[in-house]
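The values are calculated or read from the model by the stated rules, or taken from the named source; none is laboratory data. Computed from a predicted model, the values in this text were never measured in an experiment. Because the Cβ atoms are built from the backbone with ideal geometry, glycine has one as well, and the counts that use them run over all protein chains shown. Remember, those area values only see protein heavy atoms, side chains included, never the ligands or the DNA or RNA. Shrake-Rupley method; radii C 1.70, N 1.55, O 1.52, S 1.80 Å.
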Amino acid sequence: MALFRTRSAAVYGIDAHLIDVEVDMYSSGSARDFVMVGMPDTAVRESRERIKSALINSGFGYPNKAVTINLAPANVRKEGAGFDLPMAMGILGAMGVVGPLDQHLFLGELSLDGCIRPVRGALSVAVCARANGIANLVLPLANAAEAAVVEGVSVYGVRHLSEVVALIANPEQFSPSVAVLQMPGPDGSFVDFRDVRGQATAKRALEVAACGGHNVLMIGPPGSGKTMLAKRLAGILPPLTFAESIETTKVHSIAGLLPGGGGLLGERPFRAPHHTISDAGLIGGGSGMARPGEVSLAHHGLLFLDEFPEFPRNVLELLRQPLEDGTVTIARSNMTLKFPASFMLVAAMNPCQCGFYGDATRECHCTPGMIQRYLGKISGPLLDRIDIHIEIPAVPYKEMRGVDTSESSADIRARVERTRAVQQARGFYNAQMPVRLIRKLCALDETGERTLEMAVRRMGLSARAHDRVLKLARTIADLGASETISAKHVAEAVQYRSLDRNYWN
């Protein structure tokens, strides 16, 4: 059979699209004639040498004929080494070694001895196979656990090219891979809120933030515990739901961050990039096909930006769209890609360059102009998108050396899970509450209305800040198991918005 077709998939953004691999073998020319068309990149073009060696070293030989391979549709660029296996199977089909493969989708990188290496985006490819009615997915064994989660597709994890040929010839001798729904979570060695001495106000604010998925900005002198608190915040977040786990695992699979043999992510991601990160590293993009950035890798999790003003101003301003919309859109000349980016932002910063402005125990050496320039690195529109602003003072000696009476992360997490269950019954967390439902779900009594009106007038809150205060008050009420929002809930929510007026004005 001189003409043969197999199927594979290419990942663009977080979704995979079907690719037809057409192989034509003809007698004119020699084995040196190996032509590949369909906009392949360098990694795809180099696959011809890997495929030749893999076929020969696996015992199948290589025909002394010319080969033309077309990757269709031809107007979309193909990247990565995942096309090695489908092209090799296409050549074997043209040689007559295997029969028709209409109900199989192949993905995998070949080594020179025929072994199959893992690739990125296996979960997205499995979703693509189900959407296109392809019954069988053949991919590397290391990627089988994540892909097997998708129902309606039989996923076969293989180690070697000869194993793939045996699977096609005798499918009854192979059983599909079993889904691994969740990777093992922490074994109890994760950091605990009990390790943080004092800071009762900050702990309360972070518990509220975790309950509603609100963004947090912490301001305080060096050594007051801002980083400790942020790292322990991840420990009180509830585990991912199944739908959230699918979305988060997709992003991590495309980025190549899933461990071999791992299934769906169970714990919410915690990302803490350094302040030297580029805009492409934070938001996504890069050369070639756009890759997800840190905001997408923190999807349904926590993004911690320590030393907030040290990040480049242009990089921080890029956070506005994902904080508002929960997605990142990357536009290129040939295509526009959209990555999910619904995350909790937790930022920590010093109040000035020396770090001791407002500290009662140490003297600040910064001039008022230096302080304003330092704080001015954080723009007003970005601050407006952060729901909770809290001051983290230095811990007094007696609290550092006193008897530890603070709660553990397990106790706080139980309350967070209970509060989030109330919000899930509404269909969303409070931080993502649609604008049209704010008046209905955040109705205030007369006292609450007066409290909010006074705060808006005195603090000059914007319309966005007004809505975010109401969402925050709704979360505080949910945490207190109250169906209605009272004046004390509004007062606490307003208190969390007052710090930026003290520092930035």
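Computed values, structure above
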item: Residue that is within 31 Å of the chain's Cα centre (by Cα) and not in a helix (DSSP H, G or I), where the choices are R497, R474, R468; result: R497
item: Helices (runs of 4 or more DSSP H) wholly inside region 357-432 containing at least 3 residues that are β-branched (V, I, T); result: 409-426
item: Test: residue in region 97-112 that is at pLDDT below 95, open to solvent by less than 40 Å² (accessible area, probe 1.4 Å) and in a helix (DSSP H, G or I); result: no
item: Residue satisfying all of: in region 263-303; of a type in the set (G, A, S), touching a residue at least 24 places away in the same chain (Cβ under 8 Å) and surrounded by fewer than 20 Cβ atoms within 10 Å (Cβ to Cβ); farthest from L319 (Cα to Cα) among these; result: G266
item: Qualifying residue in region 446-453 (condition: surrounded by 13 or more Cβ atoms within 10 Å (Cβ to Cβ) and not in a helix (DSSP H, G or I)); result: no
item: Among (1) open to solvent by 80 Å² or more (accessible area, probe 1.4 Å); (2) touching a Cys at 6+ places or on another chain (Cβ under 7 Å); (3) modelled with pLDDT of 90 or more, the one test that N314 misses; result: (2)
item: Some residue of region 340-362 being more than 30 Å from A280 (Cβ to Cβ) and of a type in the set (K, R); result: yes
item: Subset of region 115-126 [touching a residue at least 40 places away in the same chain (Cβ under 8 Å), surrounded by fewer than 24 Cβ atoms within 10 Å (Cβ to Cβ) and in a loop (DSSP other than H, G, I, E, B)]; result: P118, R120
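Per-residue answers, yes or no, for (1) at pLDDT 95 or above; (2) surrounded by 20 or more Cβ atoms within 10 Å (Cβ to Cβ); (3) among the aliphatic types (A, V, I, L, M); (4) outside any loop (DSSP other than H, G, I, E, B):
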position	(1), (2), (3), (4)
D24	no, no, no, yes
S30	no, no, no, no
F60	no, no, no, no
I69	no, yes, yes, yes
N75	no, no, no, no
G82	no, yes, no, no
A94	no, yes, yes, yes
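For every residue, the table says whether it meets (1) surrounded by 14 or more Cβ atoms within 10 Å (Cβ to Cβ); (2) over 24 Å from the mean Cα position of the chain (by Cα).
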| site | (1), (2) |
| --- | --- |
| P351 | yes, yes |
| C354 | yes, yes |
| G369 | no, yes |
| P393 | yes, yes |
| D404 | no, yes |
| A421 | no, no |
| R436 | no, yes |
